[in-house]
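Peer 1: A single structure is presented below for examination.
The values are calculated or read from the model by the stated rules, or taken from the named source; none is laboratory data. Since the structure is predicted, the reported quantities are computational estimates derived from the model, not experimental observations. Cβ coordinates were reconstructed from backbone atoms using ideal geometry, including for glycine residues, and neighbour counts include every protein chain displayed. Only protein heavy atoms, including side chains, enter the accessible area calculation; ligands, DNA and RNA are left aside. Shrake-Rupley method; radii C 1.70, N 1.55, O 1.52, S 1.80 Å.
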There are 2 protein chains.
Amino acid sequence: MDGAGQLDVMLVHRMRNMRPFKSLAARLVTSRQGLCSPFKSRQGLCSPATNQQSDEVRTLLQVFVDTHFISPGETNVGLFGRGLSCSYGPLGMELRRNVLHEWWSSVTGSRAQVFGINTPSSTCGHLDMTHLDRTPCDHMLRNNLLHGALEQFVPSFELVNKNLPFGLAETGRCFHSSKDDGSAEVTLASLVWFCSPRTSSQWLDHWAGQRLKWWRKFALAPCDFSSSDVPQEELEGPASRGVKIFYKFPWGQEPLEVLWSRGDGELMDAHTGVRSKLLSPNGRKSIPHVVSITGKVERGLLAFLCNSLHLHKREDARQRKMLKLHPLLAPIKVALGIGRGATMELRQVCEGLLQELKEAKISVWPGHLEATSTPLEQLHSKYDEMGVLFSAVISDKTLESGLLLVRSRDTAIKETMHISHLKNFLCRYISAADNM
Amino acid sequence: MDGAGQLDVMLVHRMRNMRPFKSLAARLVTSRQGLCSPFKSRQGLCSPATNQQSDEVRTLLQVFVDTHFISPGETNVGLFGRGLSCSYGPLGMELRRNVLHEWWSSVTGSRAQVFGINTPSSTCGHLDMTHLDRTPCDHMLRNNLLHGALEQFVPSFELVNKNLPFGLAETGRCFHSSKDDGSAEVTLASLVWFCSPRTSSQWLDHWAGQRLKWWRKFALAPCDFSSSDVPQEELEGPASRGVKIFYKFPWGQEPLEVLWSRGDGELMDAHTGVRSKLLSPNGRKSIPHVVSITGKVERGLLAFLCNSLHLHKREDARQRKMLKLHPLLAPIKVALGIGRGATMELRQVCEGLLQELKEAKISVWPGHLEATSTPLEQLHSKYDEMGVLFSAVISDKTLESGLLLVRSRDTAIKETMHISHLKNFLCRYISAADNM
C-alpha cells in the first residue's frame, strides 16, 4: 500500500507534467495574432476581438460554469473573464479559498517578520437606508490595500522593536472604477514590505523571484507565467522600479501581480507630524523604504483554471476535458460513489467515510447522493472536468472485505485499497504535492 | 515526554476551566444594573452609561490595543467596542482568521450538503474616479448575505440532484446604516439552509443547538453564552420563528448570532418566472423553506476576548492580566526567546526552529528578535496578556544538550523538553484542544 502510494505520487507528478496535447484554452482560441480579451474591447485598450474569438472564449468560460466554478449568467461570466469579482459556485469558492490560503502561507510563512493585518474596506460616511437588501452609499471605498498598511506602520514598527525589514500582509476586496467600464470589485492580496533605503532594490528582486516561483509552483505549464521589469516610461506614481508577473492567456498576456519599489514619500505623507516614529534607531537614521507586492486574486484564479484545462484524446477518438489543477488547489480531493450492492447499506458506509475524511479536513464530494443510474464512466468524465483528484467507489465488495476502488484523475489508473487506508493515502498524496 | 505532554494537556484543560478569580471584564465594569454599551448610547437604544462605566470599558478595550489585537485610535477602538469592523493589529487579524476558520469548518464540515459560495459585495453602478486611494461610490452595497444565497439557489439545487435539505455558506463584509449612527461595516458569517416546509422548525432548533454548542466550545465561561427564542412580537420580516444567541458583555447582553425560519416567500421572489425550478421532485411538490443563520463576526471576537481576559493574583499580591483564549483561537501558539549564551548562535537556532514550526503551520512569535535586556518574567507577563499558549527559551544549554525550557500560559509550569520534540508537542496539544 505504502509502495503503491509512493509510486502513484511519482506517477502523478510525471503525468501531470506531461503535455502531450495542446491545452483546451489554446485550442479554443487558435489564433494568437493580435488577440486580446474580448471583454477588454469595451475599454478600448486594444482592437476588438473577432466574433469567432469571442465565441471561443465564451465556450472556454462556459466550461467553468458547467463545472460549478462560477455561477451562470452572462454578466457574471463576463466579470470573471475580465478578472473581476463575480459570483462563484461551490468549486470556485473552494479554489479561491485554497489560492488565498497558499498565498497567505507563502507570504507570512516565508519570513519571521511578516504580520497579517485587517483593515476596513470603507471610510464611513452618512447614508440613508432605502432598500431592504442593498443600500446606495457615500462610503469612500478603498481601491488598494497599500494605504491601510501605511497607516498600520507605527504600531507594527514598535512591535518589531524598530527592526527592519518587516512586512504587513492583507487580502481583501477593493473597488475599482474607470470611465468606460463602470465600477468593479476585485480581491487583492497585498504585502507591503518596509526596509532600509539601500536594500529596497534587492528586496524588490527577492520578492519578484519568490512570487514568480509561487505562481509556477501550481502551474501545469510554468512557462506561461513570466515576469519582467516595468520600463522606465511606464512607472507609476512615486515608483523608482517595478516588476510585473504575467500570465499568457489565450487572448493575450495580462498581469497577475505587480511589485513596486516606492521610496519613502507615501509613508511620510501617511504620518505627517509623527515623523520621528518612523526612524529606525540603528545606524544612520532614515525613513524606511516601501516595496509593495499586489496580486490580483480573481485573475490568478482564471490563470490557474486556463492553465490546467486540458484535452485528452481517448481511444475512441472522442475528446475528454480535464482540469488538472494542482493537488493543493483542487477544490475537491476525493469523490465518493457507490457501485453494485445494497444501496442503503453502501450509502451508510459512504456517510461514515465522508465524516472521517471531513474531520481530517479533506474536501470530499458526496457523489453517493447522486442518482445511482449514472454510468461510472460518465461520472469519471464529470469528475475529471471538475478537477477532482480521486474518486472512490464503494460496492458490495467493500462490505465483504473492506476494499474499495480508487481512481486517479491524472493517470486514470484504478487501484484497490482498504477503506481504512484512504484517509492516510490522501493526506500523504496532498502533502507530497506540497513538497514537489 | 509523551506522558508529560498528555499530563500537560489534561492539566491545561483543568486550569483553563478553573475560575478562581473574577474576570477582568467583570471587575472593570463592576455594576451590572442598567448597564449598556457606552457606544450604544449614540443610537438612543438605552440610557447613556455613566462616565465611570465608559472609562472602565475604555480601559478594557485599551488592553486589546496594548496587546496588538486592535489598532490604536479612539475611532477604531469605538468601532470595535460596538462590534463593527475596525483596523486589526496582527493578533486580532490572526484571531479573526481562526474564528472564521473554525466557523467554516463547523458549518461546512458538519453536513455533507453544505456548500460554500462567494458573491460580490456590491452591485455595480457607474462612478467617477476622484481620489488616488478612496473612491466615493454609487455602488449598491449589500447589508446581508441572504440574497446572494437565494440567487445561487437554482444551480446549487441542481448540483444536489434536487435533494433537500442542503445549505449555502458564505462569510463576508456587509454594510449597515442607521439614521443616528452613520454607516458601518460588519463581517457576517451566514448559512442559508433549504429544507422541506414540514421540517423547517426542527432544523431551526437543530442549528440553534449546534451554534450555541460552537460558541461555548471556545468559551472559558460557557454560561455567559446563551440562546433564547425571539418573542412573537419581535419577529422580523417574513419570519415565523427566531432564535438568538447572546453573550453577556460587562455592559449588558448583546446578540452574536440570529437564526430565522423564513418560509418560502423570499426564495420565490428571487426566482419569479422560473418557479418550476424551485420544486423538489419527490413526494408532494413544494417550494423549499429557508432557515437563515447569521453570525456577527466582530462582536463574536469581542465576546471571546472579554470572556477569556482574566486577572491572576500573584504571590506578591500584584495582578497579572491573562488572555486565556482557547488553544484553537489563540493567535500565537508559541513565542521563542533566548536566554543566557552566545546571542548570535542562539538566534540561529531560533531561526531554524521558527522555520520548522512555520512549516507545520504553527503560528510562532519571533521573540528572539526582541531586545535581550528584557527580564524573562516581564516577557512572560507580556505573552500572557497576548494569550500566547507557550513560550520556549533557547539558551546555551540548548546548544550543549538540545534541551529548552517550555512554559505554559495556563499553568505557568516550566518543562524541560528536547528541541526536536517541540513541534510534535504543540501539534498534539492543539489537536487535543480541538477534541476537548
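Peer 1: Quick one: B:G148 ticks every box in (1) at pLDDT below 90; (2) outside any loop (DSSP other than H, G, I, E, B); (3) touching a strand residue (DSSP E or B) at 6+ places or on another chain (Cβ under 7 Å) bar one, so which box is it?
Peer 2: (1)
Peer 1: Could you list, in sequence order, the residues of the stretch A:351-386 that are open to solvent by 60 Å² or more (accessible area, probe 1.4 Å) and under 22 Å from B:F157 (Cβ atoms)?
Peer 2: Answer for the stretch A:351-386, where residues must be open to solvent by 60 Å² or more (accessible area, probe 1.4 Å) and under 22 Å from B:F157 (Cβ atoms): A:E351, A:T372, A:S373, A:Q378, A:K382.
Peer 1: If I filter the stretch B:63-79 down to residues being in contact with a strand residue (DSSP E or B) (Cβ under 9 Å, 6 or more places away or on another chain) and at the interface with chain A (Cβ under 7 Å from one of its Cβ atoms), which single residue comes out as nearest to B:N307 (Cα to Cα)?
Peer 2: Among those residues, the one meeting the criterion is B:H68.
Peer 1: Being more than 26 Å from A:A239 (Cβ to Cβ) and at pLDDT 95 or above, is that true of even one residue in the stretch A:276-283?
Peer 2: no
Peer 1: Going by what's in this entry, would B:K248 be described as touching a helix residue (DSSP H, G or I) at 6+ places or on another chain (Cβ under 6 Å) and at pLDDT below 90?
Peer 2: It is false that B:K248 is touching a helix residue (DSSP H, G or I) at 6+ places or on another chain (Cβ under 6 Å) and at pLDDT below 90.
Peer 1: Does B:S292 satisfy the criteria of being of a type in the set (S, T, N, Q) and more than 17 Å from B:F225 (Cα to Cα)?
Peer 2: For B:S292, the condition - of a type in the set (S, T, N, Q) and more than 17 Å from B:F225 (Cα to Cα) - is met.
Peer 1: Could you go through the stretch A:197-207 and let me know if any residue there is open to solvent by 10 Å² or more (accessible area, probe 1.4 Å) and under 18 Å from A:V297 (Cβ atoms).
Peer 2: Among the residues of the stretch A:197-207, not one is open to solvent by 10 Å² or more (accessible area, probe 1.4 Å) and under 18 Å from A:V297 (Cβ atoms), which makes the answer no.
Peer 1: Kindly establish whether B:G237 is among the small types (G, A, S) and modelled with pLDDT of 90 or more.
Peer 2: Taking the combined requirement at face value, the residue does not satisfy it.
Peer 1: Quickly run through the stretch B:80-96 and pick out the residues that are at the interface with another protein chain (Cβ under 8 Å from one of its Cβ atoms) and among the aliphatic types (A, V, I, L, M).
Peer 2: Residue satisfying the conditions is B:M93 alone.
Peer 1: Shifting gears a bit: Going by the conditions given, is B:L220 modelled with pLDDT under 95 and under 18 Å from the mean Cα position of the chain (by Cα)?
Peer 2: Judged against the criteria, B:L220 is a match.
Peer 1: So which residues in the stretch A:147-159 are within 19 Å of B:R173 (Cβ to Cβ) and facing chain B (nearest Cβ under 8 Å)?
Peer 2: A:H147, A:G148, A:E151, A:Q152, listed by residue number.
Peer 1: Right, another one. Taking the stretch A:78-114 as the region of interest, how many residues are assigned to a loop (DSSP other than H, G, I, E, B) and of a type outside the set (D, E, K, R)?
Peer 2: The qualifying residues number 9.
Peer 1: For the stretch A:160-169: of the residues being more than 7 Å from chain B (Cβ to nearest Cβ) and surrounded by fewer than 22 Cβ atoms within 10 Å (Cβ to Cβ), which is modelled with the lowest pLDDT?
Peer 2: A:K162
Peer 1: When the stretch A:415-436 is examined, which residues are found to be within 18 Å of A:I332 (Cα to Cα) and open to solvent by 20 Å² or more (accessible area, probe 1.4 Å)?
Peer 2: Selection gives A:K423, A:N424, A:C427, A:R428, A:I430, A:S431, A:A432, A:D434.
Peer 1: Taking into account only those residues within the stretch A:63-77 that are in a helix (DSSP H, G or I) and touching a residue at least 40 places away in the same chain (Cβ under 8 Å), which is surrounded by the fewest Cβ atoms within 10 Å (Cβ to Cβ)?
Peer 2: A:D66
Peer 1: Now a separate question. Could you tell me whether any residue of the stretch B:316-337 is buried (at least 20 other Cβ atoms within 10 Å of the Cβ) and farther than 30 Å from B:S85 by Cα?
Peer 2: Within the stretch B:316-337, one or more residues are buried (at least 20 other Cβ atoms within 10 Å of the Cβ) and farther than 30 Å from B:S85 by Cα.
Peer 1: Right, next: Among residues belonging to the stretch A:97-138 that are at pLDDT below 75, within 7 Å of another protein chain (Cβ to nearest Cβ) and within 29 Å of the chain's Cα centre (by Cα), point out the one that is surrounded by the most Cβ atoms within 10 Å (Cβ to Cβ).
Peer 2: A:A112
Peer 1: Now for a different question. Any chance you could count how many residues in the stretch A:235-258 are more than 18 Å from the chain's Cα centre (by Cα) and part of a strand (DSSP E or B)?
Peer 2: 4
Peer 1: Just to be sure I understand the filter: pairs with C-beta atoms under 6 Å, separated by 6 or more residues or on different chains, first member in the stretch A:197-225 and aliphatic (A, V, I, L, M), second member open to solvent by 40 Å² or more (accessible area, probe 1.4 Å). Which pairs pass?
Peer 2: A:L204/A:R241; A:A208/A:S227; A:L212/A:S227
Peer 1: What single numbered condition from (1) out of contact with any Cys (no Cβ under 7 Å at 6 or more places or on another chain); (2) crowded, with 20+ Cβ neighbours inside 10 Å; (3) within 15 Å of A:A303 (Cβ to Cβ) fails to hold for A:C174?
Peer 2: Unmet for A:C174, out of (1) out of contact with any Cys (no Cβ under 7 Å at 6 or more places or on another chain); (2) crowded, with 20+ Cβ neighbours inside 10 Å; (3) within 15 Å of A:A303 (Cβ to Cβ): (3).
Peer 1: Give the residues of the stretch A:265-292 that are of a type in the set (G, A, S) and not in a helix (DSSP H, G or I), sorted by residue number.
Peer 2: Of everything in the stretch A:265-292, those that are of a type in the set (G, A, S) and not in a helix (DSSP H, G or I) turn out to be A:G273, A:S280, A:G283, A:S286, A:S292.
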